[in-house]
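Asks: Once you've had a glance at the structure underneath, I'll fire off some questions.
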Amino acid sequence: MSRLGHWIVFVLLVGTTFGCDRVTKRLAALELAGTAGESFLADTVRLEYAENRGAFLSVGAGLPASLRTGLFTVATGIVLVGGLFVAVRYEWSGLPLAGLALVFAGGASNVFDRLLRGSVIDFMNVGLGPLRTGIFNVADVAILAGVAMLIATRARLTEPRR
């Protein structure tokens with residue numbers, strides 16, 4: 001695939017991931033806000049509305065608003081742009097570029113939430129019995145999947161293509 005083809009796939013992956021996160025957050029706001037939530041698969045999956053002012057698993061939610069904005073909006077934006085710079089500089093393609101696309105889309109959608117509403121909508125929780133995850137969203141899943149892809153290809157990330 002050509003370099004242009006890789007970047008077209010990148011843009012499509014970012015667009016579909018960002019769009020999926022936006023749609024699911026909107027549905028969560030419309031259908032779950034103000035309810036007790038819903039449980040599926042013998043309570044393995046729970047859908048419940050939550051607004052998260054912090055980062056992943058509400059880390060930093062108690063920080064002053066200005067510090068939260070700086071850390072979770074401005075710093076995240078800088079990291080996302082920095083990731084794009086590195087990908088262009090080292091001519092990423094394939095799995096590393098797909099991983100970056102997922103991280104970029106998830107991060108951008110959560111930043112969009114913070115700018116729009118001051119918090120991020122979360123709505124999914126999985127687990128067995130008392131062993132459960134925190135409440136998360138599609139953007140969080142995309143970020144974690146993208147980071148896993150980047151870690152899996154770490155040896156190739158900073159080697160320029162020849």
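Nothing in this text is a laboratory measurement; each read-out follows from the coordinates by a stated rule. Everything numeric in this text was worked out from a predicted model, so none of it was measured. Glycine also receives a Cβ, built like all others from the backbone with ideal geometry; neighbour counts cover every protein chain displayed.
Asks: Farthest toward the dipole's positive end in the chain, which of Thr133, Leu144, Met1, given Cβ charges of +1 (Lys, Arg) and -1 (Asp, Glu) about the Cα centre?
Replies: Checked the options; the winner is Met1.
Asks: Ok, one more. For Ala61 and Met1, what is the calculated FRET efficiency with R₀ set at 35 Å and r taken between the beta-carbons, to the nearest 0.05?
Replies: The calculated FRET efficiency here is 0.25.
Asks: Using Cα pairs under 8 angstrom and six or more residues apart, how large is the relative contact order of the chain, in percent?
Replies: Averaging sequence separation for qualifying contacts and normalising by length gives 31 percent for the chain.
Asks: Treat the count of other C-beta atoms within 10 Å as a stand-in for reagent exposure and order Ser2, Ser119 from fewest to most.
Replies: Ser2, Ser119
Asks: Using just the helices of the chain, give the 222 nm mean residue ellipticity in deg cm²/dmol: DSSP H runs with n ≥ 4 each add -39,500 (n - 2.57), and the total is spread over all residues, rounded to 500.
Replies: -18500 deg cm²/dmol
Asks: Note down the magnitude of the dipole of the chain about its Cα centre, charges +1 on Lys and Arg C-beta and -1 on Asp and Glu C-beta and zero elsewhere, to the nearest 20 debye.
Replies: My answer is approximately 600 debye.
Asks: Next question. List the residue ranges in the chain for DSSP H helices whose C-alpha atoms run 27 angstrom or more along the long axis and whose Kyte-Doolittle average is 0.0 or above.
Replies: Flagged H segments are 3-31, 94-117.
Asks: Which FRET efficiency, nearest 0.05, do Ile151 and Leu84 yield, Cβ-Cβ r, R0 22 Å?
Replies: Efficiency at R0 = 22 Å is approximately 0.75.
Asks: Only loop residues by DSSP count here, and only those with at most 14 other Cβ atoms within 10 Å; note down the GluC sites (Glu not before Pro) in region 42-122 that meet that.
Replies: Glu91
Asks: Please report Leu47, Leu71, Leu12 as a ranked list, fewest other C-beta atoms within 10 angstrom at the top and most at the bottom.
Replies: Leu12, Leu71, Leu47
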